[in-house]
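Notes for the one structure printed next.
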Amino acid sequence: MSSVRQLPLSRLGHLVPPLVDDAALVALVTMTNDLPWAAKAAWDIARIAARDGRRVALVDLCLENPALHEIVGLQATEGIVDAFEYGVSLNKAAHEVTGVFIIPAGSETANPAEVYAHARWPKLQAGFRSEGALLLALLPLSGLAQFSAAPDGVLVLAPEGVSPEFALPRDVPLLGVVRDRWLPSSPRVSPPPVTVPVAAEPRRGFRLALAALVVAAIAVGGWALLARARESALQPPPPAPAPTPPPAPTAAPKSPLPTPAHATIAKAPPPRPDTLGWTIQVAAYASLDKALAHADQLAADAGVPALVTPVPQSGNGPVWYRVLAGSYKTRAAAGTARAGLWRRGVTAEGVGDLLLAPYSYHAPAGSSLDTLRRRGLPAVRWSNGVILLGAFEAPEQAAYTQAALKRAGVRANLLPRMGTP
């Protein structure tokens, strides 16, 4: 063990980056009963890895005694257990905190070994690698032995170090031992965990940012968590009810002005009961052209009309283009359609996140699809012949596309998608 790199907390900022630069999945193995200390060390490592803008996710797999959510100031919420055992979208369980995507443990589980051994971990690892992102898994030594993925490296979290006889339970690289200081200290009293105050509900922009991270594994490994970019954004809070408009006059005068050639941007009405708002996110790309090509292929080869939705990251981050297949009245109908895509081989089994995104921009009548695309707009020809641009969970999510329409000089209506024109 004398050759193992010792990583005191005070030097992590200098020592950790070169160890994880080329890694997609690093296991942070706890070797202490002081789990708040280990969670705080993992949190420090994640923030250091994300310091230069790299996308980093930290998942708490200390399932019997989770502490990460408390260290970062999050309330107990859905997490990795809910995603793997109950089908909750991982994006719904993830929270952006100071540049790191935190995925807490979530609900209690009677089968932690099944979570460690889940078949999705290798797919996640492949997705993170394809995007140059980093997944950090905080887990006990027993969890590492059962882990279905082969980590690119292991960092052992041991405040007093480990004995010379210590060995990992599997053949993976041991990158170093994170400890309190260079030399063992006298028995210490753990200070109360330092929490980072965050809002109980992360900001929407951060939710959309995760969409870019979580979709990467779909294209590479076939899970709805990551698809050449990210998964769906977190479910937004329900919009506030619109104020009741004043009663209309009994005899409204007809406008003497002629109807304009193009429709104007209108405030989106609430979805009608027959709105076909459920859809399936099958991929996301950093390139609009690639996303449109995927959508065209779905329509031509699989007979499934698809939409492309721009989702900007928070701040000045890049824009990712979601590919959304089909339009369905209920979540159950969308799930059945997704199973059909798997059965037909249109997408790999496990790919596809179900989203309620009922709003789309309807291009003006007579618009040219090619012209709209040349102007950088995500235009597709829908099954009823109408040209649609994007599909959004709420009108405010369409702000980026609305700005692009204005820059292109195109006026369009943001309306619920219907089953008939």
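The values are calculated or read from the model by the stated rules, or taken from the named source; none is laboratory data. Small disclaimer: the values here were computed from a predicted structure and weren't measured. Cβ sites come from the backbone with ideal geometry, for glycine too, and all protein chains shown count toward neighbours. Surface accessibility is based on the protein's heavy atoms, side chains included, excluding ligands, DNA and RNA. Shrake-Rupley method; radii C 1.70, N 1.55, O 1.52, S 1.80 Å.
Tabulated data for the structure shown
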| read-out | value |
| --- | --- |
| 18 Å Cα-Cα reach of K406 towards aspartates and glutamates, excluding residues that sit fewer than 8 places from it in its own chain | D370, E396 |
| Solvent exposure, largest accessible area first (probe 1.4 Å, DNA, RNA and ligands not counted), of D301, D44, D60, D22 | D22, D301, D44, D60 |
| Largest-first ordering by accessible area, 1.4 Å probe, given options E85, E349, E114, E131 | E349, E114, E85, E131 |
| Whole-Hz ³J(HN,Hα) from phi, Karplus 6.51 cos²θ - 1.76 cosθ + 1.60, for the stretch 318-331, glycine and proline x | x, 9, 10, 10, 6, 9, 10, 9, x, 8, 9, 6, 10, 5 |
| Span from the the stretch 379-421 Cα centroid across to the the stretch 1-76 one, whole angstrom | 42 |
| Rel. contact order, % - alpha carbon contacts under 8 angstrom, at least six apart, the stretch 1-124 | 22 |
| Whole-Å semi-axes of the ellipsoid equivalent to the stretch 85-142 (Cα gyration tensor, √5λ, descending) | 20, 16, 12 |
| Within the stretch 337-421, trypsin sites (Lys or Arg not before Pro) in DSSP loop having at most 15 other beta-carbon neighbours inside 10 Å | R375 |
